[in-house]
Structure formats: C-alpha cells, structure tokens
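Visitor: Structure provided below as structure tokens; questions to follow.
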Amino acid sequence: MGTITLSERQQRRAEVLSRAASGAISSQQVAGLLHVTDRQVRRLVGRYKSEGVPSVVHGNTLRSPANRTANDVREKLEELAGTEGPYKDFNTCHLQEMLLEREGIEIGRSTLDRLLVEAGVRKRKRSRPRRVFQRRERVGREGEMLLTDASLHDWLEGRDARYRKLCLIGSVDDATGSIVHLCFWPTECQAGYITMARDVTRTFGIPMSFYHDRHTILVSPSEPTIEDELAGRAPMSQFQAILSQLGAEGIRAMTPQAKGRIERMWQTLQDRLRKEMRLAGLNTLEEANAFLGAYTLRYNARFSVAARDTDTAWVQAKELDLPFYFASKEERVVRSDHTLCWHGKILLIQRKRAERSVAGERVQVHTTPEGECFLYHRRVRLVFRQITERPRPPITNSAATPLPPLTSEQALLAEQKRRDARRKQMRFVHQGAGACGPSR
C-alpha cells in the first residue's frame, strides 16, 4: 500500500482499537467511543489484530475512482479550451454543447467546469452584489409583445476590414423568448428597424406592441409645435408613424433592466454567436447574415419556452401594401405641371386624361430601406418618372485664377471715383440736416 499519512480521526480510531485488542477497554466502551454497533466493533477489532494500523484506512484510499475522467480526455479538454485552443473563450455550457456536437466528447457541465479549474485553464468567478429589480412576468400570448433592440459589437472580431464594428438588430417574442428577427447592419439605423418591422409582419403578422428603448430613431426627441398642440398630436419618428398606421403600440423602456430579456439575449449571442461564426470561417457582413437563419432555429430550440396561452395575438395582414407602411415618408406639394422636386430630382406624375388632377395638393414620397421610391396621394399609389435633374452652377476656384493687378491709370481713376462718391454722400447729409433742423 506504500506510505500512508493518517488523519487525526484515523489516529484516534487506531488508538482505541489498539486498547480494545489488548483488553484495556471493553467492547461497549469501544462502541461508545467510535459510535458503532457491537457487531461492527468485533469486525474492526478482528481486522486490526490481523492487519494492524493499516486496517483503519479505507480500502479505496489511493485507488483511482471508477468514474474518473480518463487522462487522455483531460489532456484533450486542456488542449481545446487552453489559451491556444479553438474554444479558449467559450463558457462552460457552450463548451459542453460544442464538445458533444463537434468533438464527440460527452461530459457533464459541472464535471467540465471542475476539470477546467483543476487544470488552471479557468478561474472561478466571484459573485458580486447586484441591484435587485422586480421581475416582470412574461405576457401570455405569442405576438402580444416584441422586445426590440440593437447591439453594436465587434461580431466578426475584425475579420471584415470594411467595418470596425457591426450592429445586430433583433426582436424577441416576450411570451416564448424566441427570436423572431435578426439582421446585421453597418450601424444602428432607421432602415434596420423598418426592415425588422416589415419582416416580422410579413412572416408572423402584426404584433400588439413593441417594447423598445428611447433611441431617437424609435422615439422622436422633438418638442410639440403650436400646430401639434392645437391638433392634439405629439411629434412622432418614422418608426412611431409606422406603428401608428399598423395599429401596434410602442412602449418605451425607461431602463435597460426593463427589457432585460433581450439584454440577456445579447449577452448570450455576444458570447456564443461570434465564436460560432469564427469556427464557421465567416469573414463578411453578408456571410454573417446568411448564417443567422440556421443559427436562429438552433437558438430557439435551445432557449425558447412555451407560452402560457395557446392562442396567439398576431394579426394576419394579407395583401398589405408594404411600401405604403414600411418606408420613410416625406411630404411634397405638386406643381401645376404635375411635377415635384425631391432631393434635387424632378419627378413627373403620369396620369390619364380622365383622372383627377393632383396639382397643388400634398403627396407623400415613400422611401423603402432598399432605396426604392414610391409616390402616394392619400392611400393611392401614383405612377411617375424622373425627367431631369436640377442644373447645378459650375464650381469655380477663385484662388486658382487670381485677378490681374491694376495699372497706374486704373488706380487713379478708381481713387477719383471714391472721392466723388464721398463728396456726394457728405453733401446729402448736410442738406438733410438743414431740411430737418429748426426753422428760423
């Protein structure tokens, strides 16, 4: 068995059994000291007489457990999750899934965490006191509330040289926690949010409400004008106007914790999604957007929950004129020749002879996120074409073509003209003072 170091408890037990073997104390006294039965005392004393002091040591001491993780597996885990491994920054849960999916290693989460700490690859996190917020219960039905937000992050870890960071705009169903929309954009923009609302409406339907922060794209920062106050309306951003036309409510979150479910989703995606895109070898924004479809299905299968109510709150919008609703809108007045000016372009409204004239009336120019332009008079789409662009004056560089210097005769003539103008001005001032002064 080799050298064995006895603990204090084992040393005490050896001393008691030694006295019992020599007859110094009775079996009842041994049972009281060791807290065992008389039958167990006879077994322990008999084993001590035959084996001596090593009998107090458990038989499994220095023996490898049957359920111990094999050394080759431990070395493989240390290699994969080490500082040079492909999973060096994966969290324990994500690493467990990737090991089973990609490496064929099935291991428990707690066991994996313990092995990584023992190998010195990971450190245990210290818990910090956090501010406590009241938990908001999930809504009951799908489509009743969508949590909407954007996350600006180095998603591709610098592999796309065009962008330092990318913005991921997403939306989550509050009832189930499932992702209903994800899309990468170069920055957080109005087109991204309009595209999100359009894709959700086209795929699932119109939700009852959107829960979002107070970004100026989503909430207008303008103060109401006198006309707004007289009409009883509040300033609205383009996104607010779209929700108003759809009949969906926009709810403003006063703190990030108020929409904590989508904030926690960003933490999960920043930890998992960017690493899986790295493993997949994705290097551009377009490749990342193509990857999101399959990843969203796996995410929803892993993290979504069932809604409390089986009924849904989605409002199906069939045959919806998408450019009318999901576009940024600007208003223009039609000229008498049925043209209007929009961003330096002249648009001619084409109409048939029997159609009513819209000259002098206000029309709306709708621009979709893809940059397409549509004209609407109330809810009627107008047919138009661009006829020409506004001519621009030529750009002259005065510094490049300096004026020639004046000759001596031209300088004398200019000085004479200045003196004559000065005399006329002084004569006019004196005559005016005499006319306006007191009569004698």
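Visitor: Based on what the data block shows, is ASP271 of a type in the set (D, E, K, R), free of Cβ contacts under 8 Å to residues at least 40 places away in the same chain and surrounded by 14 or more Cβ atoms within 10 Å (Cβ to Cβ)?
Guide: When the stated conditions are applied, ASP271 does not pass them.
Visitor: Still on this model: For the range 19-31, give me each residue that is out of contact with any helix residue (DSSP H, G or I) (no Cβ under 7 Å at 6 or more places or on another chain) and surrounded by 13 or more Cβ atoms within 10 Å (Cβ to Cβ).
Guide: ARG19, GLN29
Visitor: Select, from ARG19, ARG74, the only residue that is assigned to a helix (DSSP H, G or I), more than 30 Å from ARG278 (Cβ to Cβ) and at pLDDT 85 or above.
Guide: ARG19
Visitor: If you go through the range 155-175, how many residues are in a loop (DSSP other than H, G, I, E, B) and either surrounded by fewer than 20 Cβ atoms within 10 Å (Cβ to Cβ) or of a type in the set (Lys, Arg) (or both)?
Guide: Within the range 155-175, residues that are in a loop (DSSP other than H, G, I, E, B) and either surrounded by fewer than 20 Cβ atoms within 10 Å (Cβ to Cβ) or of a type in the set (Lys, Arg) (or both) number 8.
Visitor: Considering ALA197, ALA191, which residue is at pLDDT 95 or above, among the hydrophobic types (A, V, I, L, M, F, W, C) and within 19 Å of LEU147 (Cβ to Cβ)?
Guide: Within the list ALA197, ALA191, the selection yields ALA197.
Visitor: Same structure, new question: Please find, within the range 179-199, the residue that is farthest from the chain's Cα centre (by Cα) out of those that are crowded, with 18+ Cβ neighbours inside 10 Å, within 22 Å of ALA258 (Cα to Cα) and touching a residue at least 24 places away in the same chain (Cβ under 8 Å).
Guide: That would be ALA197.
Visitor: For residues that are touching a helix residue (DSSP H, G or I) at 6+ places or on another chain (Cβ under 7 Å), surrounded by 10 or more Cβ atoms within 10 Å (Cβ to Cβ), at pLDDT below 90 and not in a helix (DSSP H, G or I), tally how many sit in the range 106-140.
Guide: The total comes to 4.
Visitor: Count, please, the residues in the range 143-168 that happen to be within 17 Å of GLY250 (Cα to Cα), within 10 Å of the chain's Cα centre (by Cα) and not polar (S, T, N, Q).
Guide: Of the residues in the range 143-168, 2 are within 17 Å of GLY250 (Cα to Cα), within 10 Å of the chain's Cα centre (by Cα) and not polar (S, T, N, Q).
Visitor: Go through (1) loosely packed, with under 14 Cβ neighbours inside 10 Å; (2) basic (Lys, Arg); (3) in contact with a helix residue (DSSP H, G or I) (Cβ under 6 Å, 6 or more places away or on another chain) for ARG43 and report which single condition fails.
Guide: Of everything listed in (1) loosely packed, with under 14 Cβ neighbours inside 10 Å; (2) basic (Lys, Arg); (3) in contact with a helix residue (DSSP H, G or I) (Cβ under 6 Å, 6 or more places away or on another chain), ARG43 misses just condition (3).
Visitor: Turning to a different aspect of this structure: Looking only at residues that are loosely packed, with under 12 Cβ neighbours inside 10 Å, under 28 Å from MET196 (Cβ atoms) and more than 28 Å from the chain's Cα centre (by Cα) in the range 315-362, which one is modelled with the highest pLDDT?
Guide: Looking at the filtered set, the residue picked out is GLU331.
Visitor: Right, another one. From GLY143, GLY205, grab the single residue that is surrounded by 20 or more Cβ atoms within 10 Å (Cβ to Cβ) and touching a residue at least 24 places away in the same chain (Cβ under 8 Å).
Guide: Step by step, each of GLY143, GLY205 is checked, and only GLY143 is surrounded by 20 or more Cβ atoms within 10 Å (Cβ to Cβ) and touching a residue at least 24 places away in the same chain (Cβ under 8 Å).
Yes/no per residue for (1) assigned to a loop (DSSP other than H, G, I, E, B); (2) outside the structural domain of ALA241 (by TED's automatic domain parsing); (3) at pLDDT 90 or above; (4) farther than 30 Å from PRO186 by Cα:
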{"residue": "GLN364", "(1), (2), (3), (4)": "no, yes, yes, no"}
{"residue": "ARG381", "(1), (2), (3), (4)": "no, yes, yes, yes"}
{"residue": "ALA399", "(1), (2), (3), (4)": "yes, yes, no, yes"}
{"residue": "LEU406", "(1), (2), (3), (4)": "yes, yes, no, yes"}
{"residue": "ARG418", "(1), (2), (3), (4)": "no, yes, no, yes"}
{"residue": "ALA421", "(1), (2), (3), (4)": "no, yes, no, yes"}
{"residue": "LYS424", "(1), (2), (3), (4)": "no, yes, no, yes"}
{"residue": "GLY434", "(1), (2), (3), (4)": "no, yes, no, yes"}
{"residue": "ARG440", "(1), (2), (3), (4)": "yes, yes, no, yes"}
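Visitor: For GLN257, are the conditions met, namely being without any contact (Cβ under 8 Å) to a residue 12 or more places away in the chain and either out of contact with any helix residue (DSSP H, G or I) (no Cβ under 7 Å at 6 or more places or on another chain) or not assigned by TED's automatic domain parsing to the domain that holds ARG162 (or both)?
Guide: No.
Visitor: A further question on this structure: Return the pair list, or none, for Cβ contacts closer than 6 Å from residues in the range 67-89 that are within 14 Å of ARG114 (Cα to Cα) to residues that are of a type in the set (Ser, Thr, Tyr), at least 6 apart or on different chains.
Guide: Here the result reads ALA81/TYR87, each pair linking the range 67-89 to a residue that is of a type in the set (Ser, Thr, Tyr).
Visitor: THR61: more than 46 Å from the chain's Cα centre (by Cα) and part of a loop (DSSP other than H, G, I, E, B), yes or no?
Guide: Yes.
Visitor: Of the numbered conditions (1) within 32 Å of the chain's Cα centre (by Cα); (2) without any contact (Cβ under 8 Å) to a residue 24 or more places away in the chain; (3) assigned to a loop (DSSP other than H, G, I, E, B); (4) surrounded by 10 or more Cβ atoms within 10 Å (Cβ to Cβ), LEU100 fails exactly one; give the number of that condition.
Guide: All conditions are met except number (3).
Visitor: From the list LEU152, LEU147, LEU166, exactly one residue is farther than 14 Å from SER304 by Cβ, of a type in the set (A, V, I, L, M, F, W, C) and out of contact with any Cys (no Cβ under 7 Å at 6 or more places or on another chain). Which is it?
Guide: Unique residue meeting the criteria: LEU166.
Visitor: Quick one: SER244 ticks every box in (1) in contact (Cβ under 8 Å) with a residue 12 or more places away in the chain; (2) among the hydroxyl-bearing types (Ser, Thr, Tyr); (3) more than 23 Å from LYS88 (Cβ to Cβ) bar one, so which box is it?
Guide: Status for SER244: all satisfied but (1).
The values are calculated or read from the model by the stated rules, or taken from the named source; none is laboratory data. Just so it is clear, the structure is predicted and the values come from calculations on it, not from any experiment. Glycine gets a Cβ as well: all are built from the backbone with ideal geometry, and neighbour counts include every protein chain shown.
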